[in-house]
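Colleague: Please find one structure pasted underneath; my questions will follow.
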Amino acid sequence: MPNIQVLDPHVADLIAAGEVVERPASVAKELMENAIDAGAKKVTVEIANGGMTLIRVTDDGCGMAADQLQTAFLRHATSKLRTEYDLEAIGTLGFRGEALAAICAVARIDVMTRTPGAPFGASLSLEGGIAGTVEEAGCPEGTTMVVRDLFFNTPARQKFMKKDAAEGAAVFAVVQRLALAHPEVSVKFIRDGKQELLTPGDGKLQSAIYAVLGRDLALGFKEVTGSGEDMSVSGFVTLPVCCKASRNYQHFFVNGRYVKSRIMTAALEEAYANQRMVGKFPGCVLHLTIKLSCVDVNVHPTKTEVKFTNERQVFSAVYHAVLNALTGDRSHPTAVLEKPKAHDTVTPNQIKLNATPIPAAKPVATSLPLHDFAAPRAPSAQTAPAQKPAAPVRAPKPVDVVWEKPPVPKMEPKPAPKVEPAVQVPPSAPEQPVTVQESWKIVGELFRTYVLVEQGDKVLLVDKHAAHERMNFDRMKAEGYKPMMQTLLTPLTFTPAAQERSVLADNLPLLTEFGFEVEEFGTGALIVRQAPFDVDEGDIVATLTEIAAKLLSAGRADPDAARDELLHTMACKAAIKGGWKSGPQELERVVQAVMDGSVKYCPHGRPVAIELTKKDLEKQFKRA
Ligand code: ADP
Ligand code: MG
């Protein structure tokens, strides 16, 4: 029989320490949090060898009295909590009273501290959980904690540490988060003798962002403010064109604490629904200030997870605040004509049009020829080989059709069942502020793709397909998709890949909603009897294949997520294409929607317009 015993306190301490102190970054985090709780205005973090040999945190906070210094390092010793009721409203970053005990169990510590106005300070050294004696010391007001030789007495832990560079980077990430969480504190970071960060501590989030995330990202940020019951939201988010390839640029804070929050992430990303590119994620620095009793921070030893009493309210507050900021944004990305100088990087909201400077140029014709509106639209794409046995008979598409295409003779159009818009968690988008619009005119079209619009001192290039696709998508989403279906005179059979075939076959009713009447046909083939009028006949197979891919990637678990994706496809198919001739009213309507701000990004997050100023052109022609 194994012998059951209560653990030796030293071993128990080491186990407890393991939960709080995982790596140098956790030490830096706890020490910085203590500094901020102590009311510091300036905090300096210095590390050597990724923090393994040295972490020094210096603050100008309230310090500790000499006679309490040893107590601070005992387990469950804290000045931040008294009773169980205090746990229901925690306003400090620390409260568990275990960080200092945990750190000193696995490292060597020197601390120096002086309370404001005290004639002198106190110092204390500790090693592996054993404290020395407190001595009088000459030191500035505030506290300096020096942690050396982390895990010197737990070699097993040491083995898990990554290279110094990686541990140092993790410490830096912690410092950056604290700096973003507390713009009122000036934060300095020194790695191996080199200063890598200094925030001004002027209380402005924007200054902290500029220092931490850099100018480029800061310029692509849009300010967010909003509120809900017992809470307010503030901060910055990236514009949809500036979305990033990962979620690493998402920083959420709750009452000044950096948190990982599933609910806040979901709310943020929902606000970008249908205006960011696939695989791109918004970046943000978002602060939620919430009544202390509405959030529980005591759910994890490292305190980076929180629980909200009312998750829906948090979701809604964050979602609406972000959506408001995005809706209120009326800017278009600007075109950069000149080659950027070394110090002059292209900011996220700029699009490089031409990286090479145009040499002092021969004058070029300045008035663009108006295109021939009456010419017929290019014929539809070639019939794909997959479409055997015979190309179905269809009338050619009418020229200059505007939006609702009329039924064509020989077809049997009939509306398919209405597709309800996917359930949107929170209701209505916020009202658009009414602004007086400067008059504009269409001066031409480039490559039958970009509509050239002159407005005051600037020129806009509108991507007619992207803009129209967005208009279609918004309409379909608001009204439900009501595809006009037409029966193919000769049904079309095709044999997709097995996976695609099975996902399409599993979703035949959904396909009908989207205007395709499809049946299984023999082994491995599908037969299409009806298709939406919007889809070019030569494009039916490609469209169904695209739909299959979307259904597969959405996963069968969530048909509503797939629905939006399918609407993207249908919006795209129903849109005027780049390269097509378009009628003047058609272009007018598209441009109108862009100019009045109702259309900004295509459903995949690409911009619908970019902007150039007269001044930019004058510079290129050396007139200015
Ligand atoms: P907690 O922060 O959860 O209270 P800690 O172990 O981190 O627990 O710290 C214990 C106590 O030591 C704190 O409650 C605080 O009173 C004191 N303390 C720690 N660091 C500092 C500091 N930098 N300045 C002033 N007091 C501090
Ligand atoms: Mg603490």
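The values are calculated or read from the model by the stated rules, or taken from the named source; none is laboratory data. All figures in this text were calculated on a predicted structure; none of them were measured in a lab. No Cβ is skipped: glycine too gets one built from the backbone with ideal geometry, and neighbour counts run over all protein chains shown. Protein only, heavy atoms only, side chains kept; ligands, DNA and RNA dropped before computing areas. Shrake-Rupley method; radii C 1.70, N 1.55, O 1.52, S 1.80 Å.
Colleague: Tell me, what % of the accessible area of segment 220-327 is carbon and sulfur with a 1.4 angstrom probe?
Modeller: About 47 percent, which is the carbon plus sulfur part of the accessible surface.
Colleague: For segment 9-198, report the accessible area per residue in Å² (1.4 Å probe, heavy atoms, rounded to an integer). Working shown, then result.
Modeller: Numbers: 8700 Å² over 190 residues.
The answer is 46 Å² per residue.
Colleague: If the cut-off is a Cα-Cα distance under 13 Å, which aspartates and glutamates reach LYS550, setting aside same-chain residues fewer than 8 apart in sequence?
Modeller: List returned: GLU500, ASP558, ASP560, ASP564, GLU565.
Colleague: Which entries of LYS163/LYS303; LYS42/LYS163; LYS163/LYS280 have Cα-Cα distances beyond 27 Å here?
Modeller: Values: LYS163/LYS303 25 Å; LYS42/LYS163 29 Å; LYS163/LYS280 30 Å.
Where the Cα-Cα span goes over 27 Å, the pairs concerned are LYS42/LYS163; LYS163/LYS280.
Colleague: Separate question: Pairs to check: LYS458/LYS573; LYS244/LYS614; LYS458/LYS581. Give those whose C-alpha atoms are more than 27 Å from each other in this structure.
Modeller: Long pairs (Cα-Cα over 27 Å): LYS458/LYS573; LYS244/LYS614.
Colleague: A further question follows. With a cap of 12 neighbouring Cβ atoms within 10 Å, and only residues DSSP puts in a loop, list the GluC sites (Glu not before Pro) found in segment 489-593.
Modeller: Passing both the DSSP loop test and the Cβ count: no residue.
Colleague: Let me ask something else. Are there chymotrypsin sites (Phe, Trp or Tyr not before Pro) in segment 99-156 that DSSP puts in a loop and that have at most 16 other Cβ atoms within 10 Å, and which ones?
Modeller: PHE120, PHE152
Colleague: Once neighbouring chains are kept in place and the probe is 1.4 Å, which whole percent of the accessible area of segment 467-536 is contributed by carbon and sulfur?
Modeller: Reported share for carbon and sulfur atoms: 52 percent.
Colleague: Shifting gears a bit: Taking amide H atoms as placed 1.01 Å from N in the peptide plane, list the residues 5 or more away in sequence, or in a different chain, whose amide H sits under 5 Å from that of ALA609.
Modeller: Amide H neighbours of ALA609, under 5 Å, 5+ apart: ASP463.
Colleague: Let me ask another. Where nothing but the Cβ of Lys and Arg (+1) and of Asp and Glu (-1) is charged, how large is the charge dipole of segment 220-327 around its Cα centre, in debye to the nearest 20?
Modeller: Values: 12 positive and 8 negative charges, 71 e Å.
I would put it at about 340 debye.
Colleague: Could you derive backbone 3J(HN,Hα) for segment 466-483 from the dihedral phi with the Karplus parameters 6.51, -1.76 and 1.60 (θ = phi - 60°), listing whole Hz in sequence and x where the residue is Gly or Pro?
Modeller: 4, 5, 5, 4, 5, 4, 4, 4, 4, 5, 4, 6, 6, 9, x, 8, 10, x
Colleague: List, in order, the whole-Hz ³J(HN,Hα) value for each residue of segment 573-590 obtained from phi through the Karplus relation with A = 6.51, B = -1.76, C = 1.60 and θ = phi - 60°; use x for Gly and Pro.
Modeller: Rounded to whole hertz, the list is 5, 7, 8, 4, 9, x, x, 7, 6, 10, x, x, 5, 4, 5, 3, 5, 5.
Colleague: Quick one: what are the phi-derived ³J(HN,Hα) couplings along segment 535-543, Karplus 6.51/-1.76/1.60 with θ = phi - 60°, whole Hz, x for glycine and proline?
Modeller: 8, 4, 4, x, 10, 5, 5, 4, 5
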